[in-house]
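Colleague: Can you keep this structure in mind? I'll have questions shortly.
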Amino acid sequence: MSRPVTATRAFQRLDSGQLLLICATGLLAVAGVAHTVAVGLLDPEIAIGFGALIAAGELARLTMPGNREVAPIGAAAALGYTLLLDMGDVPVRHSAFQVVAVLTVGMAAGALPHLAVGRPPRLDAMARRLLTGALLAVAYRPLAGALFGLTKGAEGSWWPALGVMAGLILILALVDVVLSAVLRAEQVRAAFGVALHDEVRMAAPLWSAVAASGILLALASHSMGMAALLVFAAPLLVTQVAFRKYAGIRATYLQTVRALSRVTEVGGYVEPGHSRRVSRLAVAVGRELGLAEPELLELEYAALMHDIGQLSLRDPIPGGATVLTDPEQARRIAELGAEVIRQTGVLDRVAEIVRRQCDSCAETPPLASRIIKVTNAYDDLIGGSTDRDRAGAALERLCLSAGGEYDQEVVGAMARVIDRITPAYRL
(Lines give C-alpha, C1' and ligand atoms only; values in the text may rest on other atoms or scores of the structure.)
Protein backbone atom coordinates (compact mmCIF):
# COMPACT_ATOMS: atom_id res chain seq x y z
CA MET A 1 0.00 0.00 0.00
CA SER A 2 2.93 2.36 0.63
CA ARG A 3 4.18 2.45 -2.97
CA PRO A 4 1.01 3.89 -4.54
CA VAL A 5 0.88 6.48 -1.77
CA THR A 6 4.48 7.51 -2.50
CA ALA A 7 3.78 7.81 -6.21
CA THR A 8 0.61 9.81 -5.54
CA ARG A 9 2.42 12.23 -3.28
CA ALA A 10 5.18 12.67 -5.85
CA PHE A 11 2.55 13.46 -8.49
CA GLN A 12 0.80 15.95 -6.20
CA ARG A 13 4.04 17.88 -5.68
CA LEU A 14 4.27 18.71 -9.39
CA ASP A 15 3.61 22.34 -10.32
CA SER A 16 1.49 23.54 -13.23
CA GLY A 17 4.36 23.71 -15.70
CA GLN A 18 5.45 20.16 -14.93
CA LEU A 19 1.89 18.85 -15.24
CA LEU A 20 1.48 20.57 -18.60
CA LEU A 21 4.73 19.07 -19.86
CA ILE A 22 3.77 15.58 -18.70
CA CYS A 23 0.30 15.75 -20.25
CA ALA A 24 1.58 17.07 -23.59
CA THR A 25 4.32 14.45 -23.75
CA GLY A 26 1.86 11.72 -22.75
CA LEU A 27 -0.38 12.58 -25.68
CA LEU A 28 2.64 12.55 -27.98
CA ALA A 29 3.69 9.13 -26.68
CA VAL A 30 0.18 7.70 -27.17
CA ALA A 31 0.12 9.06 -30.74
CA GLY A 32 3.53 7.53 -31.54
CA VAL A 33 2.65 4.10 -30.15
CA ALA A 34 -0.80 4.07 -31.79
CA HIS A 35 0.62 5.02 -35.21
CA THR A 36 3.35 2.38 -34.97
CA VAL A 37 0.84 -0.30 -34.01
CA ALA A 38 -1.38 0.73 -36.92
CA VAL A 39 1.29 0.68 -39.64
CA GLY A 40 3.52 -2.00 -38.14
CA LEU A 41 7.05 -1.91 -36.73
CA LEU A 42 9.61 -1.27 -39.48
CA ASP A 43 13.09 -2.82 -39.16
CA PRO A 44 12.12 -4.57 -35.91
CA GLU A 45 15.63 -5.87 -35.13
CA ILE A 46 17.04 -2.34 -35.18
CA ALA A 47 14.15 -0.97 -33.14
CA ILE A 48 14.48 -3.71 -30.51
CA GLY A 49 18.27 -3.26 -30.28
CA PHE A 50 18.11 0.48 -29.74
CA GLY A 51 15.06 0.13 -27.51
CA ALA A 52 16.96 -2.28 -25.26
CA LEU A 53 19.87 0.18 -24.96
CA ILE A 54 17.45 2.99 -24.12
CA ALA A 55 15.86 0.79 -21.44
CA ALA A 56 19.31 -0.01 -20.00
CA GLY A 57 20.05 3.71 -19.87
CA GLU A 58 16.82 4.45 -18.03
CA LEU A 59 17.55 1.60 -15.64
CA ALA A 60 20.95 3.16 -14.87
CA ARG A 61 19.65 6.72 -14.52
CA LEU A 62 21.20 8.89 -11.83
CA THR A 63 20.48 12.07 -9.91
CA MET A 64 22.89 14.95 -10.43
CA PRO A 65 23.41 17.95 -8.11
CA GLY A 66 20.33 20.11 -7.86
CA ASN A 67 18.08 17.03 -7.88
CA ARG A 68 18.40 16.73 -11.66
CA GLU A 69 17.57 13.26 -12.96
CA VAL A 70 19.55 12.28 -16.06
CA ALA A 71 20.01 9.13 -18.15
CA PRO A 72 23.05 9.74 -20.42
CA ILE A 73 23.18 6.21 -21.87
CA GLY A 74 19.49 6.25 -22.73
CA ALA A 75 19.73 9.76 -24.18
CA ALA A 76 22.71 8.80 -26.39
CA ALA A 77 20.92 5.66 -27.61
CA ALA A 78 17.81 7.72 -28.37
CA LEU A 79 19.90 10.20 -30.37
CA GLY A 80 21.59 7.37 -32.24
CA TYR A 81 18.28 5.80 -33.25
CA THR A 82 16.80 9.16 -34.25
CA LEU A 83 19.84 10.14 -36.38
CA LEU A 84 20.28 6.70 -37.98
CA LEU A 85 20.55 6.79 -41.78
CA ASP A 86 21.40 3.19 -42.56
CA MET A 87 22.41 -0.05 -40.92
CA GLY A 88 25.25 -1.84 -42.69
CA ASP A 89 24.73 0.28 -45.85
CA VAL A 90 21.01 -0.63 -45.92
CA PRO A 91 18.81 2.47 -45.48
CA VAL A 92 16.50 2.44 -42.45
CA ARG A 93 12.83 3.23 -42.89
CA HIS A 94 11.50 4.23 -39.48
CA SER A 95 9.51 7.45 -39.15
CA ALA A 96 9.37 10.07 -36.42
CA PHE A 97 6.30 8.32 -34.98
CA GLN A 98 8.23 5.07 -34.66
CA VAL A 99 11.09 6.91 -32.94
CA VAL A 100 8.60 8.24 -30.38
CA ALA A 101 7.16 4.75 -29.91
CA VAL A 102 10.58 3.13 -29.39
CA LEU A 103 11.60 5.86 -26.95
CA THR A 104 8.34 5.48 -25.04
CA VAL A 105 8.53 1.69 -24.73
CA GLY A 106 12.27 1.72 -23.93
CA MET A 107 11.92 4.36 -21.22
CA ALA A 108 8.92 2.63 -19.71
CA ALA A 109 10.73 -0.73 -19.66
CA GLY A 110 13.73 0.86 -17.94
CA ALA A 111 11.51 2.51 -15.33
CA LEU A 112 9.62 -0.66 -14.36
CA PRO A 113 12.37 -2.18 -12.14
CA HIS A 114 12.61 1.11 -10.25
CA LEU A 115 8.85 1.14 -9.74
CA ALA A 116 8.97 -2.45 -8.50
CA VAL A 117 11.30 -1.47 -5.64
CA GLY A 118 9.48 1.74 -4.78
CA ARG A 119 11.69 4.27 -6.59
CA PRO A 120 9.36 5.96 -9.06
CA PRO A 121 11.11 8.08 -11.70
CA ARG A 122 10.60 11.80 -11.93
CA LEU A 123 7.84 12.10 -14.49
CA ASP A 124 8.82 15.62 -15.51
CA ALA A 125 12.42 14.53 -16.23
CA MET A 126 11.26 11.52 -18.26
CA ALA A 127 8.77 13.70 -20.13
CA ARG A 128 11.49 16.21 -21.01
CA ARG A 129 13.79 13.48 -22.32
CA LEU A 130 10.99 12.04 -24.44
CA LEU A 131 9.90 15.44 -25.72
CA THR A 132 13.40 16.45 -26.83
CA GLY A 133 13.82 13.12 -28.61
CA ALA A 134 10.46 13.55 -30.33
CA LEU A 135 11.26 17.11 -31.46
CA LEU A 136 14.53 15.98 -32.98
CA ALA A 137 12.80 13.07 -34.73
CA VAL A 138 10.11 15.34 -36.22
CA ALA A 139 12.77 17.72 -37.55
CA TYR A 140 15.29 15.12 -38.73
CA ARG A 141 13.52 11.97 -39.95
CA PRO A 142 11.91 13.64 -43.03
CA LEU A 143 15.45 14.60 -44.12
CA ALA A 144 17.00 11.18 -43.52
CA GLY A 145 16.34 9.80 -47.03
CA ALA A 146 17.84 12.82 -48.78
CA LEU A 147 20.88 12.84 -46.45
CA PHE A 148 21.47 9.15 -47.10
CA GLY A 149 21.40 9.85 -50.84
CA LEU A 150 24.17 12.45 -50.41
CA THR A 151 26.46 9.81 -48.89
CA LYS A 152 26.16 7.45 -51.87
CA GLY A 153 28.11 7.39 -55.09
CA ALA A 154 31.69 8.19 -55.94
CA GLU A 155 31.40 11.77 -54.76
CA GLY A 156 29.25 11.04 -51.76
CA SER A 157 30.13 12.77 -48.50
CA TRP A 158 29.04 12.43 -44.87
CA TRP A 159 29.76 16.08 -44.11
CA PRO A 160 26.27 17.40 -45.07
CA ALA A 161 24.63 14.76 -42.87
CA LEU A 162 27.04 15.47 -40.02
CA GLY A 163 26.38 19.21 -40.29
CA VAL A 164 22.61 18.72 -40.18
CA MET A 165 22.91 16.38 -37.20
CA ALA A 166 25.12 18.77 -35.24
CA GLY A 167 22.99 21.81 -36.07
CA LEU A 168 19.72 20.19 -35.06
CA ILE A 169 21.22 18.80 -31.84
CA LEU A 170 22.53 22.26 -30.94
CA ILE A 171 19.08 23.77 -31.45
CA LEU A 172 17.51 20.94 -29.49
CA ALA A 173 19.97 21.40 -26.62
CA LEU A 174 19.09 25.10 -26.43
CA VAL A 175 15.37 24.27 -26.38
CA ASP A 176 15.92 21.68 -23.66
CA VAL A 177 17.97 24.10 -21.53
CA VAL A 178 15.36 26.86 -21.82
CA LEU A 179 12.53 24.44 -21.00
CA SER A 180 14.47 23.09 -18.03
CA ALA A 181 15.20 26.63 -16.81
CA VAL A 182 11.52 27.61 -17.03
CA LEU A 183 10.47 24.55 -15.03
CA ARG A 184 13.23 24.99 -12.46
CA ALA A 185 12.55 28.69 -11.99
CA GLU A 186 8.93 27.87 -11.19
CA GLN A 187 9.83 24.88 -9.02
CA VAL A 188 12.44 26.53 -6.77
CA ARG A 189 11.19 30.11 -7.20
CA ALA A 190 14.43 31.35 -8.72
CA ALA A 191 14.85 34.17 -11.22
CA PHE A 192 14.68 32.86 -14.79
CA GLY A 193 18.04 34.38 -15.72
CA VAL A 194 19.75 32.67 -12.78
CA ALA A 195 18.01 29.36 -13.52
CA LEU A 196 19.03 29.60 -17.19
CA HIS A 197 22.67 30.23 -16.26
CA ASP A 198 22.65 27.24 -13.90
CA GLU A 199 21.06 24.95 -16.49
CA VAL A 200 23.57 25.98 -19.18
CA ARG A 201 26.45 25.28 -16.81
CA MET A 202 25.07 21.85 -15.87
CA ALA A 203 23.87 20.85 -19.35
CA ALA A 204 26.95 21.78 -21.38
CA PRO A 205 29.18 18.81 -20.39
CA LEU A 206 26.27 16.36 -20.37
CA TRP A 207 24.93 17.39 -23.77
CA SER A 208 28.45 17.38 -25.24
CA ALA A 209 29.04 13.77 -24.18
CA VAL A 210 25.57 12.59 -25.18
CA ALA A 211 25.60 14.36 -28.55
CA ALA A 212 29.04 13.04 -29.50
CA SER A 213 28.07 9.50 -28.51
CA GLY A 214 24.74 9.65 -30.34
CA ILE A 215 26.25 10.98 -33.58
CA LEU A 216 29.10 8.47 -33.53
CA LEU A 217 26.66 5.64 -32.89
CA ALA A 218 24.54 6.67 -35.86
CA LEU A 219 27.54 7.01 -38.19
CA ALA A 220 29.29 3.85 -37.02
CA SER A 221 26.21 1.78 -37.77
CA HIS A 222 26.87 2.42 -41.48
CA SER A 223 29.90 0.11 -41.50
CA MET A 224 29.53 -1.90 -38.28
CA GLY A 225 25.83 -2.72 -38.36
CA MET A 226 24.22 -3.83 -35.11
CA ALA A 227 27.68 -4.47 -33.64
CA ALA A 228 27.96 -0.68 -33.17
CA LEU A 229 25.49 -0.94 -30.27
CA LEU A 230 27.82 -3.27 -28.39
CA VAL A 231 30.99 -1.34 -29.28
CA PHE A 232 29.61 2.00 -28.17
CA ALA A 233 27.98 0.63 -25.02
CA ALA A 234 31.42 0.54 -23.34
CA PRO A 235 32.31 4.27 -23.65
CA LEU A 236 28.74 5.16 -22.74
CA LEU A 237 29.11 3.12 -19.56
CA VAL A 238 32.37 4.94 -18.79
CA THR A 239 30.54 8.26 -19.20
CA GLN A 240 27.80 7.02 -16.88
CA VAL A 241 30.34 5.97 -14.24
CA ALA A 242 32.05 9.37 -14.42
CA PHE A 243 28.79 11.23 -13.91
CA ARG A 244 27.81 8.88 -11.08
CA LYS A 245 31.12 9.41 -9.29
CA TYR A 246 30.74 13.18 -9.61
CA ALA A 247 27.23 13.06 -8.17
CA GLY A 248 28.39 10.69 -5.43
CA ILE A 249 31.22 13.01 -4.36
CA ARG A 250 28.84 15.96 -4.12
CA ALA A 251 26.37 13.90 -2.08
CA THR A 252 29.12 12.67 0.25
CA TYR A 253 30.31 16.23 0.86
CA LEU A 254 26.81 17.35 1.79
CA GLN A 255 26.23 14.36 4.07
CA THR A 256 29.54 14.99 5.83
CA VAL A 257 28.74 18.66 6.34
CA ARG A 258 25.29 17.80 7.70
CA ALA A 259 26.84 15.32 10.12
CA LEU A 260 29.32 17.96 11.33
CA SER A 261 26.51 20.47 11.80
CA ARG A 262 24.76 18.11 14.20
CA VAL A 263 27.74 18.00 16.57
CA THR A 264 26.76 21.34 18.10
CA GLU A 265 23.20 20.10 18.59
CA VAL A 266 24.23 16.79 20.14
CA GLY A 267 26.62 18.64 22.46
CA GLY A 268 23.84 20.95 23.62
CA TYR A 269 25.42 24.11 22.22
CA VAL A 270 22.47 25.03 19.99
CA GLU A 271 18.81 24.09 19.86
CA PRO A 272 17.88 20.92 17.93
CA GLY A 273 17.19 21.67 14.28
CA HIS A 274 18.74 25.16 14.39
CA SER A 275 21.43 24.56 11.75
CA ARG A 276 19.00 22.81 9.42
CA ARG A 277 16.42 25.62 9.71
CA VAL A 278 19.04 28.33 9.14
CA SER A 279 20.38 26.42 6.12
CA ARG A 280 16.98 26.02 4.48
CA LEU A 281 16.02 29.64 5.08
CA ALA A 282 19.42 30.91 3.91
CA VAL A 283 19.23 28.97 0.64
CA ALA A 284 15.70 30.28 0.01
CA VAL A 285 16.85 33.85 0.66
CA GLY A 286 19.87 33.29 -1.59
CA ARG A 287 17.58 32.21 -4.41
CA GLU A 288 15.39 35.24 -3.78
CA LEU A 289 18.48 37.44 -4.20
CA GLY A 290 19.57 35.68 -7.40
CA LEU A 291 22.55 33.61 -6.27
CA ALA A 292 23.76 31.03 -8.78
CA GLU A 293 23.73 27.33 -7.89
CA PRO A 294 27.46 27.04 -6.97
CA GLU A 295 27.04 30.02 -4.64
CA LEU A 296 23.92 28.44 -3.14
CA LEU A 297 25.86 25.25 -2.45
CA GLU A 298 28.59 27.18 -0.62
CA LEU A 299 25.90 29.09 1.27
CA GLU A 300 24.25 25.83 2.31
CA TYR A 301 27.55 24.42 3.58
CA ALA A 302 28.35 27.59 5.49
CA ALA A 303 24.88 27.87 6.99
CA LEU A 304 25.00 24.29 8.22
CA MET A 305 28.36 24.86 9.93
CA HIS A 306 28.01 28.50 10.96
CA ASP A 307 27.87 27.64 14.69
CA ILE A 308 30.61 25.00 14.78
CA GLY A 309 32.91 27.47 16.56
CA GLN A 310 30.73 27.18 19.66
CA LEU A 311 32.43 23.85 20.37
CA SER A 312 35.35 25.89 21.74
CA LEU A 313 33.20 27.37 24.54
CA ARG A 314 33.55 26.05 28.06
CA ASP A 315 30.05 27.21 28.96
CA PRO A 316 27.46 27.03 26.17
CA ILE A 317 25.49 30.16 25.33
CA PRO A 318 21.90 29.77 26.57
CA GLY A 319 19.98 28.29 23.64
CA GLY A 320 23.04 28.81 21.43
CA ALA A 321 21.63 32.22 20.49
CA THR A 322 24.69 34.16 19.33
CA VAL A 323 22.43 37.10 18.47
CA LEU A 324 22.03 37.70 22.21
CA THR A 325 25.71 37.42 23.11
CA ASP A 326 28.55 39.93 23.13
CA PRO A 327 29.57 40.93 19.55
CA GLU A 328 33.23 40.22 20.26
CA GLN A 329 32.42 36.75 21.52
CA ALA A 330 30.24 36.09 18.46
CA ARG A 331 33.09 37.21 16.20
CA ARG A 332 35.53 34.96 18.06
CA ILE A 333 33.15 32.00 17.65
CA ALA A 334 32.92 32.71 13.90
CA GLU A 335 36.71 32.87 13.52
CA LEU A 336 37.23 29.62 15.44
CA GLY A 337 34.58 27.92 13.33
CA ALA A 338 36.22 29.17 10.13
CA GLU A 339 39.56 27.78 11.29
CA VAL A 340 37.97 24.36 11.88
CA ILE A 341 36.43 24.38 8.39
CA ARG A 342 39.67 25.56 6.79
CA GLN A 343 41.45 22.48 8.13
CA THR A 344 39.54 20.37 5.59
CA GLY A 345 41.67 21.93 2.86
CA VAL A 346 38.82 22.01 0.34
CA LEU A 347 36.28 24.44 1.83
CA ASP A 348 38.28 27.66 2.01
CA ARG A 349 35.49 29.76 0.49
CA VAL A 350 33.00 28.30 2.96
CA ALA A 351 35.41 29.06 5.81
CA GLU A 352 35.65 32.69 4.69
CA ILE A 353 31.85 32.99 4.60
CA VAL A 354 31.63 31.63 8.16
CA ARG A 355 34.47 33.86 9.37
CA ARG A 356 32.80 37.05 8.17
CA GLN A 357 29.24 36.28 9.25
CA CYS A 358 29.53 38.70 12.19
CA ASP A 359 30.94 41.63 10.19
CA SER A 360 28.85 44.76 9.92
CA CYS A 361 27.57 45.95 6.54
CA ALA A 362 30.18 48.75 6.62
CA GLU A 363 32.90 46.08 6.39
CA THR A 364 31.31 44.77 3.14
CA PRO A 365 31.24 41.06 3.96
CA PRO A 366 30.24 38.58 1.22
CA LEU A 367 26.54 38.39 0.48
CA ALA A 368 26.46 34.79 1.76
CA SER A 369 27.85 35.98 5.12
CA ARG A 370 25.18 38.69 5.34
CA ILE A 371 22.49 36.14 4.56
CA ILE A 372 23.70 33.79 7.29
CA LYS A 373 23.86 36.64 9.81
CA VAL A 374 20.24 37.62 9.13
CA THR A 375 18.78 34.10 8.99
CA ASN A 376 20.73 32.98 12.06
CA ALA A 377 19.49 35.99 14.04
CA TYR A 378 15.92 35.32 12.95
CA ASP A 379 16.06 31.67 14.00
CA ASP A 380 17.79 32.58 17.27
CA LEU A 381 14.85 34.87 18.05
CA ILE A 382 11.96 32.56 17.11
CA GLY A 383 13.45 29.03 17.04
CA GLY A 384 11.07 26.56 15.46
CA SER A 385 7.99 28.64 16.33
CA THR A 386 5.40 29.56 13.69
CA ASP A 387 3.70 32.14 15.90
CA ARG A 388 2.77 35.16 13.78
CA ASP A 389 3.39 37.80 16.44
CA ARG A 390 6.76 36.35 17.40
CA ALA A 391 7.89 36.19 13.75
CA GLY A 392 6.69 39.74 13.15
CA ALA A 393 8.52 41.00 16.22
CA ALA A 394 11.73 39.27 15.12
CA LEU A 395 11.54 40.82 11.64
CA GLU A 396 10.81 44.24 13.13
CA ARG A 397 13.84 43.95 15.38
CA LEU A 398 16.07 43.10 12.42
CA CYS A 399 14.62 45.94 10.38
CA LEU A 400 15.20 48.50 13.15
CA SER A 401 18.72 47.35 14.04
CA ALA A 402 21.09 50.24 14.60
CA GLY A 403 24.38 50.95 12.86
CA GLY A 404 23.73 48.85 9.77
CA GLU A 405 24.17 45.64 11.71
CA TYR A 406 21.92 43.68 9.33
CA ASP A 407 21.68 44.11 5.56
CA GLN A 408 18.18 45.47 4.96
CA GLU A 409 18.07 44.06 1.42
CA VAL A 410 18.62 40.61 2.90
CA VAL A 411 16.03 41.26 5.63
CA GLY A 412 13.51 42.30 2.99
CA ALA A 413 14.22 39.19 0.90
CA MET A 414 13.82 37.00 3.99
CA ALA A 415 10.50 38.67 4.80
CA ARG A 416 9.23 37.85 1.29
CA VAL A 417 10.40 34.24 1.61
CA ILE A 418 8.73 33.82 5.02
CA ASP A 419 5.57 35.42 3.69
CA ARG A 420 5.54 32.97 0.78
CA ILE A 421 6.29 29.76 2.66
CA THR A 422 3.89 30.52 5.53
CA PRO A 423 0.77 31.87 3.76
CA ALA A 424 -1.31 31.33 6.88
CA TYR A 425 0.73 34.02 8.61
CA ARG A 426 0.94 37.04 6.30
CA LEU A 427 3.76 39.20 7.63
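The values are calculated or read from the model by the stated rules, or taken from the named source; none is laboratory data. These figures come from a predicted structure and were not determined experimentally. Heads up, the Cβs are rebuilt from the backbone with ideal geometry, glycines too, and the neighbour counts pull from every protein chain shown. The protein model used for the area step is the full one, side chains on, heavy atoms only, and it has no ligands, DNA or RNA in it. Shrake-Rupley method; radii C 1.70, N 1.55, O 1.52, S 1.80 Å.
Colleague: Roughly to the nearest percent, how much of the accessible area of the chain is carbon and sulfur, given a 1.4 Å probe?
Modeller: Numbers: 13060 of 20290 Å².
That fraction is 64 percent.
Colleague: While we're looking at this one, here's another question. Between Rg and the Kirkwood Rh of region 197-255, both from Cα atoms, what is the Rg to Rh ratio? Before the final figure, lay out each step's value.
Modeller: Working: Rg = 14.7 Å, Rh = 13.1 Å.
Rounded to two decimals, Rg over Rh is 1.12.
Colleague: Same structure, new question: Compute the helix-to-body angle for 159-188: its Cα long axis versus the longest principal axis of the chain, expressed 0 to 90° and rounded to tens.
Modeller: 30
Colleague: Further, regarding this structure: Taking each pair of distinct Cα atoms in region 79-174 once, what is the resulting Kirkwood hydrodynamic radius in Å? Kindly include the intermediate steps, with their values, before the conclusion.
Modeller: Numbers: mean 1/r = 0.0676 Å⁻¹.
Computed over region 79-174, the radius equals 14.8 Å.
Colleague: Could I ask something else about it? Which order do peptides 165-178, 31-44 fall in by mean Cβ count within 10 Å, highest first? Working shown, then result.
Modeller: Values: 165-178: 16.8, 31-44: 14.2.
Sorting 165-178, 31-44 by mean packing, highest first, produces 165-178, 31-44.
Colleague: If you don't mind, there's one more thing I want to ask. Starting from the Cα gyration tensor of region 28-147, take the square roots of the eigenvalues, sort them a ≥ b ≥ c, and report rounded, prolate or oblate (rounded when a/c is under 1.5, otherwise prolate if a/b is larger than b/c, else oblate).
Modeller: Working: a/c = 1.91, a/b = 1.76, b/c = 1.09.
Cα axes put region 28-147 in the prolate bin.
Colleague: Shifting gears a bit: Just the ratio, please: alpha-carbon radius of gyration of region 227-304 over 2.2 N^0.38 Å, N its number of residues.
Modeller: On the way: Rg = 18.5 Å, N = 78, 2.2 N^0.38 = 11.5 Å.
Dividing the Cα Rg of region 227-304 by 2.2 N^0.38 Å gives 1.61.
Colleague: Okay, helix-only estimate at 222 nm for the chain: each DSSP H run of n ≥ 4 adds -39500 (n - 2.57), divide by all residues, round to 500 deg cm²/dmol; what do you get?
Modeller: Taking each H run of at least 4 residues, the total per residue is -24500 deg cm²/dmol.
Colleague: Pairing the Cα long axis of helix 123-150 with the longest principal axis of the chain, what angle in degrees results, from 0 to 90 and rounded to the nearest 10?
Modeller: 30
Colleague: Could I ask something else about it? Arranged from highest to lowest average of other beta-carbon atoms within 10 Å per residue, in what order do the peptides 324-336, 51-63 appear? Before the final figure, lay out each step's value.
Modeller: Values: 324-336: 16.2, 51-63: 21.2.
The packing order, highest mean first, is 51-63, 324-336.
Colleague: Here is a further query. Tell me whether region 103-143 comes out rounded, prolate or oblate; compute the Cα gyration tensor, take square roots of the eigenvalues as a ≥ b ≥ c, and use a/c under 1.5 as the rounded threshold.
Modeller: Numbers: a/c = 6.87, a/b = 2.50, b/c = 2.74.
Cα axes put region 103-143 in the oblate bin.
Colleague: Please give the direction-averaged projected area of the C-alpha convex hull for region 240-397, in square nanometres with one decimal.
Modeller: On the way: hull surface 40.8 nm².
So the mean shadow area of the Cα hull is 10.2 nm².
Colleague: To the nearest Å, what is the center-to-center distance of region 290-357 and region 203-217, using C-alpha atoms only?
Modeller: 41
Colleague: Moving to a separate point now. If you line up the long axis of helix 2-12 against the longest principal axis of the chain, both from Cα atoms, how many degrees apart are they, to the nearest 10?
Modeller: The angle comes out at about 80 degrees.
Colleague: For region 22-96, just say rounded, prolate or oblate: build the C-alpha gyration tensor, square-root its eigenvalues into a ≥ b ≥ c, call rounded for a/c under 1.5, and beyond that prolate if a/b exceeds b/c, oblate if not.
Modeller: Working: a/c = 2.56, a/b = 1.40, b/c = 1.83.
In terms of gyration-tensor shape, oblate.
Colleague: Find the accessible area per residue for region 318-365; the probe is 1.4 Å, ligands and nucleic acids are left out, and the unit is Å². It would help to have the intermediate numbers written out before the result.
Modeller: Numbers: 2560 Å² over 48 residues.
On a per-residue basis, region 318-365 sits at 53 Å².
Colleague: Calculate, for region 242-284, the solvent-accessible area per residue in square angstrom, rolling a 1.4 angstrom probe over the heavy atoms of the protein chains. Provide the component values of the computation, followed by the final result.
Modeller: Numbers: 2430 Å² over 43 residues.
That works out to 56 Å² for each residue.
Colleague: Quick one: work out Rg over Rh on the C-alpha atoms of region 292-331, Rh as Kirkwood radius.
Modeller: Numbers: Rg = 12.7 Å, Rh = 11.6 Å.
Rg divided by Rh gives 1.09.
Colleague: Once Lys and Arg get +1 and Asp and Glu get -1 on their Cβ, which of Leu395, Val411, Met224 lies farthest toward the positive end of the dipole of the chain?
Modeller: So the residue furthest toward the plus end is Met224.
Colleague: Then there's this: Please report, in debye to the nearest 20, how large the charge dipole of the chain is about its Cα centre when each Lys and Arg carries +1 at its beta carbon and each Asp and Glu carries -1 there. Spell out each step's value before the answer.
Modeller: Values: 39 positive and 39 negative charges, 178 e Å.
That gives the chain a dipole magnitude of about 860 debye.
Colleague: Heads up, I need the accessible area for Leu219: 1.4 angstrom probe, whole protein in place, Å², nearest 10.
Modeller: Around 50 Å² of this residue is reachable by solvent.
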